[in-house]
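Q: Below is one structure. I have some questions about it.
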Amino acid sequence: MTPRRLVTLATAVTLLFALTACGSDAPTREEASQEAHSAAARQASASSAEQISTLLSAVTQASPLRSVATSTRDICHAGATNALWPHDDYRLSCGLSDTRYFGADGDILDVLREVDKRAKAAGLIPTTTSAIEDVETYYAANGKTDDGLPLPLPGLSYLVPGHDWTVQVGWTRDVNALINQAVPDLTWPTVFVEADPVDFDTLRSGLLRRSEYLVTVSSGTTYHEVPWPS
């Protein structure tokens, strides 16, 4: 490599680091935390949480499910970018999730049909890849392929008209496979956390022990997002 080539390469590397250092417009921890705790963000969180809670209650109302626990999580992340490589679509993004846990016994297909009926009555639209017909096909085949191999357990999924939400329904017999949820630390880029996790160890020795199946009904959304300055 000629000396001229070495100088050119060194100049390019220096310019690269200069642009990266000076071009970043990522928020500071203080800025991101202040926005996450703002009245606008907290009001959006409360409104979305109420809408999701009402929706999930409608899906499970009068269905053959026994409520055993509820898990919620509200979390905000700061975005990262620089002048050369944008990494995230947002400067700050906040989202929440709500998961309901239920015990169920007897014919799980009948239970899921009732949940599906309630979901449709609430105005939800089944997705084409996770509908009750897929569950019926799974049980008609005894959960196996023609070659006797186990099929993946299908789930139910619904679109919420007018929102970017989905509602997910799942179930399992192996409650021992559930792992306790950890509450995220306030480690950058996380700047806000409010979480109410489920203690599965307690549930296993209590309500879930008396249930043949564990059914989960969940939803979530991004409720507050701040774009990068133009």
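The values are calculated or read from the model by the stated rules, or taken from the named source; none is laboratory data. These numbers were taken from a predicted model, which means no experiment stands behind them. Here Cβ is always computed from backbone atoms with ideal geometry, including for glycine, and neighbour counts include all displayed protein chains. To get the accessible areas, we keep the full protein, side chains included, count just its heavy atoms, and leave off ligands, DNA and RNA. Shrake-Rupley method; radii C 1.70, N 1.55, O 1.52, S 1.80 Å.
Q: Of the residues that make up region 219-226, is at least one open to solvent by less than 80 Å² (accessible area, probe 1.4 Å), modelled with pLDDT of 90 or more, within 30 Å of Ala40 (Cβ to Cβ) and in contact with a His (Cβ under 9 Å, 6 or more places away or on another chain)?
A: Yes, that holds for at least one residue.
Q: Considering only region 199-218, state which residues are open to solvent by 70 Å² or more (accessible area, probe 1.4 Å), touching a helix residue (DSSP H, G or I) at 6+ places or on another chain (Cβ under 9 Å) and of a type in the set (Lys, Arg).
A: Correct list: Arg209 only.
Q: Looking only at region 170-182, count every residue that is without any contact (Cβ under 8 Å) to a residue 60 or more places away in the chain and surrounded by 12 or more Cβ atoms within 10 Å (Cβ to Cβ) and tell me the total.
A: 5
Q: While we're here: Where residues in region 158-192 are over 23 Å from Ser211 (Cβ atoms) and of a type in the set (Gly, Ala, Ser), which of them is farthest from the chain's Cα centre (by Cα)?
A: So, considering only residues that are over 23 Å from Ser211 (Cβ atoms) and of a type in the set (Gly, Ala, Ser), the one farthest from the chain's Cα centre (by Cα) is Gly162.
Q: Consider Ala195 carefully, then state whether it is under 19 Å from the mean Cα position of the chain (by Cα) and either among the small types (Gly, Ala, Ser) or on the phi > 0 side of the Ramachandran plot (or both).
A: Details: under 19 Å from the mean Cα position of the chain (by Cα): yes; either among the small types (Gly, Ala, Ser) or on the phi > 0 side of the Ramachandran plot (or both): yes.
In short, yes.
Q: Select from region 49-73 the residues that are within 13 Å of Ala119 (Cα to Cα), open to solvent by 80 Å² or more (accessible area, probe 1.4 Å) and more than 18 Å from the chain's Cα centre (by Cα) and list them in ascending order.
A: Within region 49-73, Gln61 is the sole residue that qualifies.
Q: Looking only at region 164-176, decide whether some residue is touching a helix residue (DSSP H, G or I) at 6+ places or on another chain (Cβ under 9 Å), farther than 23 Å from Phe200 by Cα and not polar (S, T, N, Q).
A: Initial filter on region 164-176 (touching a helix residue (DSSP H, G or I) at 6+ places or on another chain (Cβ under 9 Å)): 165, 167, 169, 171, 173, 175-176.
Remaining after also requiring farther than 23 Å from Phe200 by Cα: 165.
Filter once more, so that each one left must be not polar (S, T, N, Q): 165.
Yes: one or more hits.
Q: Condition first: open to solvent by less than 50 Å² (accessible area, probe 1.4 Å) and closer than 19 Å to Gly162 by Cα. Now tell me which residues in region 116-138 satisfy that.
A: Our first condition is that a residue be open to solvent by less than 50 Å² (accessible area, probe 1.4 Å); within region 116-138, this holds for 116, 119, 122-124, 126-127, 130-132, 135, 138.
The answer is Ala119, Ala122, Gly123, Leu124, Pro126, Thr127.
Q: Quick one: is Arg118 among the basic types (Lys, Arg) and modelled with pLDDT under 90? Give the steps one after another, and end with the answer.
A: Numbers: among the basic types (Lys, Arg): yes; modelled with pLDDT under 90: no.
Criteria not met by Arg118.
Q: Is there any pair with a first residue in region 67-78 that is of a type in the set (Asp, Glu) and a second that is part of a strand (DSSP E or B) and buried (at least 18 other Cβ atoms within 10 Å of the Cβ) whose Cβ atoms are under 9 Å apart and which are 6 or more apart or on different chains, and what are they?
A: Cβ pairs passing all conditions: Asp74/Cys94; Asp74/Leu96; Asp74/Phe192; Asp74/Tyr223.
Q: Would you confirm whether or not region 94-107 contains a residue that is without any contact (Cβ under 8 Å) to a residue 40 or more places away in the chain and surrounded by fewer than 20 Cβ atoms within 10 Å (Cβ to Cβ)?
A: From region 94-107, those without any contact (Cβ under 8 Å) to a residue 40 or more places away in the chain are 107; that's our starting set.
Applying the additional criterion that residues be surrounded by fewer than 20 Cβ atoms within 10 Å (Cβ to Cβ) yields 107.
Checked region 94-107: at least one residue is without any contact (Cβ under 8 Å) to a residue 40 or more places away in the chain and surrounded by fewer than 20 Cβ atoms within 10 Å (Cβ to Cβ).
Q: Moving to a separate point now. Arg113 - would you say it is over 29 Å from Pro150 (Cα atoms), among the basic types (Lys, Arg) and open to solvent by 50 Å² or more (accessible area, probe 1.4 Å)?
A: When the stated conditions are applied, Arg113 does not pass them.
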